[in-house]
């Protein structure tokens, strides 16, 4: 079946049967909706095109999941905004090319030197850095 959910500011989700639901954005990656005794989660949709371009489809989700509170009812779903202006489609440029060395592992000595530098800089409260005992 089809469920229509309206999202309102501040963080209110409503259907014809439940006007006291909630929703939470998860950074810019997706969102979670609680309505009619169900919890829905989905990532925002994007399509990868040849050449590494990323097409964000801001008015749609990828396939997501839903469940009830005691996890006896669950399944998959997809959502899309009923009215989608063209502005909800954005194109991210292909990533800049990197050298072969970009993905090469760093040597152990580099990591040891970096840890030494961080520990010498000290952490909150000064002193010997993260993991060092503090003297009060």
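General remarks:
- Total residues in the range 68-79, condition assigned to a strand (DSSP E or B) and either under 13 Å from residue 3 (Cβ atoms) or more than 20 Å from the chain's Cα centre (by Cα) (or both): 4
- Single residue of the range 99-122 satisfying the filter (in a loop (DSSP other than H, G, I, E, B) and over 29 Å from the mean Cα position of the chain (by Cα)) that is modelled with the highest pLDDT: 107
- Residue match in the range 51-61 (condition: surrounded by 12 or more Cβ atoms within 10 Å (Cβ to Cβ) and at pLDDT 90 or above): yes
- Take the conditions (1) modelled with pLDDT under 95; (2) surrounded by 14 or more Cβ atoms within 10 Å (Cβ to Cβ); residue 29 misses just one of them, which is (2).
- Every residue from the range 12-26 that is surrounded by 13 or more Cβ atoms within 10 Å (Cβ to Cβ) and over 27 Å from residue 91 (Cβ atoms): 12, 13, 14, 15, 18, 21, 22
- Boolean, residue 78 is modelled with pLDDT under 90, surrounded by 10 or more Cβ atoms within 10 Å (Cβ to Cβ) and closer than 18 Å to residue 47 by Cα: no
- Looking across the range 30-67, the residues that are assigned to a loop (DSSP other than H, G, I, E, B) and more than 20 Å from residue 10 (Cα to Cα) come down to 49, 50, 51, 52, 53, 62, 63.
The values are calculated or read from the model by the stated rules, or taken from the named source; none is laboratory data. Predicted, not measured: the structure shown is a model, and the values here were computed from it. Counting neighbours? That spans all protein chains shown, and the Cβs are built from the backbone with ideal geometry, glycine included.
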